[in-house]
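Here's the structure we're looking at; comments come further down.
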Amino acid sequence: MRERLARLISNILNPFVVSFIIIVLLAFQDTSSTPEALKWALISLAISVIPVFIIVTFLVHSKKLDGFFANPRQQRNIVYLLASVLGAIDCGLMWYLNAPDLLAVAFTAGLAAIVVFTGINYFWKISLHAAFLAASVTVVTIVYGVIVIWTLVLLPLVAWARIELKQHSLAQVVTGGLLAAAMVSGVFWVYGVIG
């Protein structure tokens, strides 16, 4: 029962789903109309979440990865490198296309985080579930304020799930979450979104 619940939490709050939700929320928050929000949400998803999802799916089916989120640290290097390259392209495109500020800054924070996590992954496995969720909770708290403080309860749930599934240690989920939240806060502060 515990493993089934942990797997359910881990699957529902995975980095792809969390990214999708945060991109859509930011697109609607920082545009003046629904068509404009949908346009930026689709552009953002098309250049970030969807390509990584397709490539990871291919790598899993071709047996280069053991699974979407259950794989040895060494197998993750290719995904991290791919995400770093795509992240740099995406970030450049967001600024070049004059994307809404919140999306452009979020993509910049994402690029900074994925580059740091790529380096860390060469010697230690860090929790992307915890990192993506902590970054997203940080972003929605910055954007919407205390009304979304309830999202903090999701962090220990994901941490527990990843530990219960034996995918990460407590140190790996805590480090992933704290590092991502700190990097998002720092980038948003540098760009004047907070402060």
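Looking at this structure, is L81 buried (at least 18 other Cβ atoms within 10 Å of the Cβ) and touching a Ser or Thr at 6+ places or on another chain (Cβ under 7 Å)? Considered against the rule, which asks whether it is buried (at least 18 other Cβ atoms within 10 Å of the Cβ) and touching a Ser or Thr at 6+ places or on another chain (Cβ under 7 Å), L81 comes out as no.
It is to be established whether one or more residues within the stretch 22-30 are crowded, with 21+ Cβ neighbours inside 10 Å and of a type in the set (D, E).
At the first step, the residues of the stretch 22-30 found to be crowded, with 21+ Cβ neighbours inside 10 Å are 22-23, 26-27.
Still in the running and of a type in the set (D, E): none.
No, there is no match, as no residue in the stretch 22-30 is crowded, with 21+ Cβ neighbours inside 10 Å and of a type in the set (D, E).
Report the residue count in the stretch 164-185 for those that are part of a helix (DSSP H, G or I) and under 19 Å from I120 (Cα atoms). Of the residues in the stretch 164-185, 15 are part of a helix (DSSP H, G or I) and under 19 Å from I120 (Cα atoms).
Check whether at least one residue in the stretch 58-67 is in a helix (DSSP H, G or I) and either within 20 Å of A182 (Cβ to Cβ) or touching a Ser or Thr at 6+ places or on another chain (Cβ under 9 Å) (or both), and report yes or no. Checking the stretch 58-67: not a single residue is in a helix (DSSP H, G or I) and either within 20 Å of A182 (Cβ to Cβ) or touching a Ser or Thr at 6+ places or on another chain (Cβ under 9 Å) (or both). Residues in the stretch 80-99 that are in contact with a Leu (Cβ under 7 Å, 6 or more places away or on another chain) and in contact (Cβ under 8 Å) with a residue 24 or more places away in the chain were compared, and the one that is farthest from N14 (Cα to Cα) is M94. State the number of residues belonging to the stretch 84-102 that are buried (at least 20 other Cβ atoms within 10 Å of the Cβ), over 29 Å from K166 (Cα atoms) and either of a type outside the set (A, V, I, L, M, F, W, C) or more than 18 Å from the chain's Cα centre (by Cα) (or both). Looking only at that region, the number is 3. Only one of the numbered conditions (1) surrounded by 19 or more Cβ atoms within 10 Å (Cβ to Cβ); (2) modelled with pLDDT of 95 or more is not met by Q167, and that is (2). Restricting V137, V158 to residues that are more than 17 Å from L5 (Cα to Cα), buried (at least 16 other Cβ atoms within 10 Å of the Cβ) and not hydroxyl-bearing (S, T, Y) narrows the list to V137.
The values are calculated or read from the model by the stated rules, or taken from the named source; none is laboratory data. None of these values were measured; they are calculated from a predicted model. For neighbour counting, all protein chains shown are included, and Cβ atoms are generated from backbone atoms with ideal geometry for every residue, glycine included.
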